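Take a look at the structure set out below.
The values are calculated or read from the model by the stated rules, or taken from the named source; none is laboratory data. All values reported here derive from a predicted model rather than from experimental measurement. We place every Cβ from the backbone using ideal geometry, glycine too, and count neighbours over all the protein chains shown.
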């Protein structure tokens, strides 16, 4: 063999032989990686689907009971206007029951306040007192609860309790005319005409229309004379 043959042989490219065993090993590694990722992805998908279903069910639950609250509340208002107080009580109770099953503002003071008025007009004074107490506990920053609370005691002919409620509430709400008006009635019923006249004067100053109501209130007839003097 001459030198040229030797050099030609040395310049020929050397082929790299990849064995089947190496290919099999790499495939197995990829399969193992996919097997690890597959359960993770599946679990994530299941979790997302479960969350979406839960949110949908919750929305439908809230929407259903909120709709029933609105329907019963409207029915109760209609019944109150027609003087059907017993039926109005039932509708308000249903409305409150449905509202308690929702998430947002489930303790609705206005519904309880109206229920208390329905009890009062139906002559169920004990239930009315308990309801207005609840209204005040739920939201002590609204004067309507105190006004109605005092009104119930006046209807029960308990002017002392009505007076104390008005005096307490006026410390926080000095410009609420109905509180002064109820206080005037309470003073009149406890035979304190001068104080009654002063309270009625404040009430009429804040709301002149209350003078017409006072003319229809039997306990204030002698007080109106003092007011005119």
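Key figures for this structure:
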| quantity | calculated |
| --- | --- |
| Residue count for the range 163-173, restricted to those that are assigned to a loop (DSSP other than H, G, I, E, B) and under 17 Å from residue 135 (Cβ atoms) | 2 |
| Flag for residue 135 being part of a helix (DSSP H, G or I), modelled with pLDDT under 95 and buried (at least 21 other Cβ atoms within 10 Å of the Cβ) | yes |
| The range 128-151 residues that are in contact (Cβ under 8 Å) with a residue 12 or more places away in the chain and at negative phi, paired with ones that are crowded, with 20+ Cβ neighbours inside 10 Å and outside any helix (DSSP H, G or I) (beta carbon under 6 Å, 6 or more apart) | 143/176 |
| Selection count, the range 208-229, where residues are under 18 Å from residue 155 (Cβ atoms), free of Cβ contacts under 8 Å to residues at least 12 places away in the same chain and not in a helix (DSSP H, G or I) | 1 |
| Selection count where residues are in a loop (DSSP other than H, G, I, E, B) and within 34 Å of the chain's Cα centre (by Cα), scope the range 174-207 | 4 |
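Yes/no per residue for (1) modelled with pLDDT under 90; (2) crowded, with 18+ Cβ neighbours inside 10 Å:
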residue	(1), (2)
56	yes, no
61	yes, no
66	yes, yes
69	yes, yes
79	yes, yes
97	yes, no
106	yes, no
119	no, yes
